[in-house]
């Protein structure tokens, strides 16, 4: 018993420890988008499906001896693929499809070890059932989920703060070798204990046993739908949270931990799942989630996190609890797990690949909530032991059906709601972009680019107003001050020349209003839809007298690649990537900062836009500046309705004494808006909790 339990526990621990590890490795390569984790989860689910399919095939079509030898061979092959460190050759160029590139990268890096770990749960449980006939293997499944949960919880609190990424990968690889030896021991025992009966006899016996415990088609479909709905809800909740706060392993792990806790509880014992508790909880939490999504800005992030995670817990408990209520006999164990994994993979594929292509809005969250409510009613109707079996009594079913219909209608309207001011919308791997019309009381009609709830550029449409600096980029903003008062703007004679400007984050191209003839502005933008919409609906780029270029891809990857060929020698290097709800932390690390300095001309200005409702980035920028020996000046502007300017906070980092001593510039400087001590993030260590407001 002990060797089975230890093997399953260790495999589950490694299976879920590698997920945030590999996700953190590749997150900076793809702009820190929430889509990175969603795509990673899709591959994890597909490999899990492959592992369960392998276990089902092996236990139903092969003799015990053949199962043992086959698994030993695959374990040896998997060990030869270690260590699990992604090669820099896999860094994207910016032209490829991010989702497919991530999938290929992960298959190449962790595919075989992850596949072998995925096979362990159902395969070793089957071996346990054959070794100990009559003893239920389902508690081993709960044990595997305990191992998974411990892996997830230990990563953000123990592993991530203590070990560098390279060390994490090395330790994981060593632990995997230990797992391979332990699992190999189980395989050898199966070979030694196998009966000498011919494989055909063993297969015939298994087929006969399966036939006696056959499961109806309707029940199999129900397994699929329940697993699929829980998977959709997991990924949709993760995306919802990451879009509202930040893309960090910790915020990936919380929803996944809730997902696993529901598995642990429901598969451990029937007492943990009660319909009279979790049915009402599902309805209440779904209604609360609907309300919070509809009125997001009115709620604190703690409230949003609480509601979203509560709704996820209710959905997962219902889906997984109903799975357990309809679970089969032990002879159908691997089929049961196989169909659960098929459902999980379908949910992942829908969320990561299908939904971004067929919807222009983020609707998976509402789909998951509505599907869970409908499936609960289906389960009540199919369960012979339920008082509501076969839609009786009619009065109770009428009330349940009306309530469910009202909730699903509200969710559907929310998902499909259209803004009357919206001109167009686009959705891809990086999120949902909308172009909307606005009417400003002082400057008249405007058009704006909006990503989630964050405005990424506003242009006035009135005659003579199209090159007005608006929103966060007014004349007294940090970027406005840097561009207007850079010493090169006052230089004469041989020293006079245009500015070379680098800008991370294109948005609507609004910062082009400061470009002059002779200047060169180079934008770095990861989202191709931003580039397309900026050119189609705004004239900032077209009207700019300076020469402009747009480099497509993650700014850090592009700047690192360019630095190997030579410095860009920017006079102003601006970062406008931190005002949204999801913070790309990889752009504010010590390693990345060295790249920025390598591209900065002597006397150049680093300008960082730190306006944010949720995080205080000033300590991080100050810490990096102190290490580099740069002076830091804060520039802020308040709301000015008459000029269509919004409040903004900027930090300017430089050694340029002429700029620092300029009287006009000094008049714009203010106290740095933070009392926290300086912080230095690195690629290995850094926490969003250090800077949450």
Q.
On the basis of being surrounded by fewer than 22 Cβ atoms within 10 Å (Cβ to Cβ), modelled with pLDDT of 85 or more and part of a helix (DSSP H, G or I), does residue 66 make the cut?
A. yes
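Being outside any loop (DSSP other than H, G, I, E, B) and surrounded by fewer than 18 Cβ atoms within 10 Å (Cβ to Cβ) is true for just one of 591, 562. Which residue is that?
Values: 562 fails: surrounded by fewer than 18 Cβ atoms within 10 Å (Cβ to Cβ).
Just one listed residue meets the conditions, 591.
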Within the range 393-412, restricting to residues that are free of Cβ contacts under 8 Å to residues at least 24 places away in the same chain and surrounded by 12 or more Cβ atoms within 10 Å (Cβ to Cβ), the one that is nearest to residue 344 (Cα to Cα) is 405
Scanning the range 497-506 for residues that are in a loop (DSSP other than H, G, I, E, B) and under 15 Å from residue 544 (Cα atoms) gives 498, 499, 506
Listed by range, helices (runs of 4 or more DSSP H) wholly within the range 179-289 having at least 2 residues that are modelled with pLDDT of 90 or more and surrounded by fewer than 20 Cβ atoms within 10 Å (Cβ to Cβ) are 217-244
Got at least one residue in the range 598-615 being surrounded by fewer than 20 Cβ atoms within 10 Å (Cβ to Cβ), modelled with pLDDT under 90 and in contact with a helix residue (DSSP H, G or I) (Cβ under 7 Å, 6 or more places away or on another chain)? yes
Of the candidates 497, 434, 466, 438, the one satisfying the condition of being assigned by TED's automatic domain parsing to the domain that holds residue 666 and on the phi < 0 side of the Ramachandran plot is 497
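Assess whether residue 587 counts as being touching a strand residue (DSSP E or B) at 6+ places or on another chain (Cβ under 9 Å) and either in contact (Cβ under 8 Å) with a residue 24 or more places away in the chain or in the same structural domain as residue 89 (by TED's automatic domain parsing) (or both). It would help to see each step written out before you state the result.
Values: touching a strand residue (DSSP E or B) at 6+ places or on another chain (Cβ under 9 Å): yes; either in contact (Cβ under 8 Å) with a residue 24 or more places away in the chain or in the same structural domain as residue 89 (by TED's automatic domain parsing) (or both): yes.
In short, yes.
Within the range 375-388, can you find the residues that are more than 16 Å from residue 236 (Cβ to Cβ) and touching a residue at least 24 places away in the same chain (Cβ under 8 Å)?
Initially, the range 375-388 is screened for residues more than 16 Å from residue 236 (Cβ to Cβ), giving 376-388.
Within the range 375-388, 376, 377, 378, 379, 380, 382, 383, 386 meet the criteria.
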(1) over 30 Å from residue 422 (Cβ atoms); (2) surrounded by fewer than 24 Cβ atoms within 10 Å (Cβ to Cβ) all hold for residue 361 apart from (1)
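Taking residue 629 as the residue in question, decide whether it is farther than 21 Å from residue 524 by Cα and touching a strand residue (DSSP E or B) at 6+ places or on another chain (Cβ under 8 Å). Let's see the steps before the verdict.
Values: farther than 21 Å from residue 524 by Cα: yes; touching a strand residue (DSSP E or B) at 6+ places or on another chain (Cβ under 8 Å): no.
Against the criterion (farther than 21 Å from residue 524 by Cα and touching a strand residue (DSSP E or B) at 6+ places or on another chain (Cβ under 8 Å)), residue 629 does not qualify.
The values are calculated or read from the model by the stated rules, or taken from the named source; none is laboratory data. Keep in mind that what you see is a predicted model, and the values were worked out from it rather than measured. We place every Cβ from the backbone using ideal geometry, glycine too, and count neighbours over all the protein chains shown.
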